[in-house]
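Data block below; observations after.
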Amino acid sequence: MAKCIISDMDGVIYRGKQLIPGAKEFVQRLHDTGTRFLFLTNNAEQTPLDLRLKLAGLGIEGLGEDNFITAAMATAMFLKNQNQKQHATAYVVGGGGLINELYNVGFSISETNPDYVVVAKSSTLSYEQLKKAVRLIDQGAKFIGTNPDMIDPVEGGLEPAAGTILAAISAATGKKPYIVGKPNSLMMMLAARKLGAHPEDCVMIGDRMDTDIVGGMEAGMSTVLVLSGVTTPTLMAEFPYKPDHVYNNVGEIDLTVL
């Protein structure tokens with residue numbers, strides 16, 4: 001049996017406000033078998049508490065905040081590991097979830113000569129914020145992105161995501177951000193570290209070949225693709241790599257063969 005499970009959420013556990021068939025039973029099997037697990041998401045807006053309450057509202061109970069890792073958490077963990085200054089600072093384009101995680105690892109939020117400009121999806125983005133981010137990066141602040149997603153699926157269609165904001169700032173500065181979230185395998189390795197496991201002792205479950213599967217594969221994890229989200233069998237065949245296992249949904253996953 002796999003020692004640890006790292007699972008994407010949207011397209012794997014739920015779609016919008018609907019649980020995917022078998023998801024509740026899958027989580028119960030994780031509990032029943034004592035399997036260590038994390039839900040991993042490129043969402044940098046919501047906190048682990050938000051996500052726990054969301055899943056509870058969908059009928060999945062018994063989770064703790066330590067069962068989640070977000071792109072905001074991974075970004076904060078990365079910056080804490082990278083930075084040796086006692087009082088590091090960051091200018092943030094993003095929401096309260098990201099700011100909270102940076103506070104948790106000892107960062108101060110500042111608009112005056114910050115060490116980093118950290119960018120995530122922001123529903124309150126303003127031209128003034130864009131202008132400030134560009135100016136601070138031009139003055140030497142390091143450019144960090146939480147995740148590269150260009151669009152997010154929402155009720156009724158799509159909306160711009162973090163990658164769109166990163167592209168605008170990159171175009172204005174001529175500099176590319178370092179992006180922590182998937183498909184960067186760094187996020188997978190940070191998740192494994194949070195579980196106290198080696199990547200080779202983990203299985204990554206996701207619905208996207210271009211983020212979940214490639215990120216898990218490059219981190220040295222076994223991979224499981226579920227067909228309940230973005231990727232279809234036809235689309236899967238177009239990639240030059242393949243997952244170790246394929247299931248229609250998480251309800252079909254047999255933990256004993258992973």
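The values are calculated or read from the model by the stated rules, or taken from the named source; none is laboratory data. From a predicted model like this one, the values you see are computed outputs, not experimental measurements. Positions of Cβ are generated from backbone atoms using ideal geometry, with glycine treated the same way; all protein chains shown enter the neighbour counts. Ligands, DNA and RNA are stripped out before the accessible areas are found, and what is left, the full protein with its side chains, is counted by its heavy atoms. Shrake-Rupley method; radii C 1.70, N 1.55, O 1.52, S 1.80 Å.
For the reader, a short list of remarks on this structure follows.
- Calculated [222 nm] ellipticity per residue, helices only, for the chain: -9500 deg cm²/dmol; basis is -39500 (n - 2.57) per DSSP H run with n ≥ 4, divided by all residues, nearest 500.
- Rg over Rh, two decimals, the stretch 98-147 (C-alpha only, Kirkwood Rh): 0.94
- Residues Glu218 and Lys54, FRET efficiency given R0 of 22 Å [Cβ-Cβ distance, rounded to 0.05]: 0.15
- Label-point gap, in nm, between Lys80 and Thr35 - each point 7 angstrom along Cα→Cβ: 2.7
- Mean Cα-pair separation over length for the chain, i.e. relative contact order, pairs under 8 Å, 6 or more apart, %: 22
- At 0.890 mPa s and 25 °C, Stokes diffusion of the stretch 188-227 via Kirkwood alpha-carbon radius, µm² per second: 250
- Assigned charges on the beta-carbon of Lys, Arg, Asp, Glu; the stretch 152-195 dipole about Cα centre (debye): 400
- Once the Cβ-Cβ distance of Ala172 and Thr256 is raised to the sixth power relative to R0 = 35 Å, the FRET efficiency obtained is 0.10.
- Principal semi-axes of the equivalent ellipsoid, √(5λ) from the alpha carbon gyration tensor of the stretch 1-141, are 34, 17, 11 Å from largest down.
- Given the chain, longest segment not containing exposed loop trypsin sites (Lys or Arg not before Pro) (DSSP; at most 11 other Cβ within 10 Å): 86-258
- Relative contact order of the stretch 183-248, pairs being alpha-carbon contacts under 8 Å that are 6 or more residues apart, as %: 30
- Where Rh is the Kirkwood radius over Cα pairs, Rg/Rh for the chain: 0.97
- Computed with a 1.4 Å probe over protein heavy atoms only, the accessible surface of the stretch 33-139 comes to 45 Å² per residue.
- Charge dipole magnitude, Cβ of K and R +1, D and E -1 - the stretch 103-258, Cα centre, debye nearest 20: 700
- Sparse-neighbour loop sites [GluC sites (Glu not before Pro); the stretch 165-258; at most 13 other C-beta within 10 Å; DSSP]: Glu238
- The shape of the stretch 27-68 can be summarised by an equivalent ellipsoid whose semi-axes, obtained from the alpha carbon gyration tensor, come to 18, 12, 7 Å from longest to shortest.
- Centre-to-centre, using Cα atoms only, the stretch 188-218 and the stretch 89-162 are separated by 25 Å.
- A Stokes-Einstein calculation at 25 °C with viscosity 0.890 mPa s, built on the Kirkwood radius of the stretch 77-128 over Cα pairs, returns a diffusion coefficient of 216 µm²/s.
- Residue-wise HN-Hα coupling along the stretch 173-184, computed from phi with Karplus coefficients 6.51, -1.76, 1.60 (Hz; x: Gly, Pro): 9, x, 10, 9, x, 8, 10, 7, x, 4, x, 4
- The spread of Cα positions in the stretch 1-58, taken along each principal axis and listed from longest to shortest, comes to 32, 22, 17 Å.
- Rounded tilt (10° steps) of 71-82 against the dominant C-alpha axis of the chain: 60
- Working from Cα pairs under 8 Å separated by at least six residues, relative contact order for the stretch 112-246 is 17 percent.
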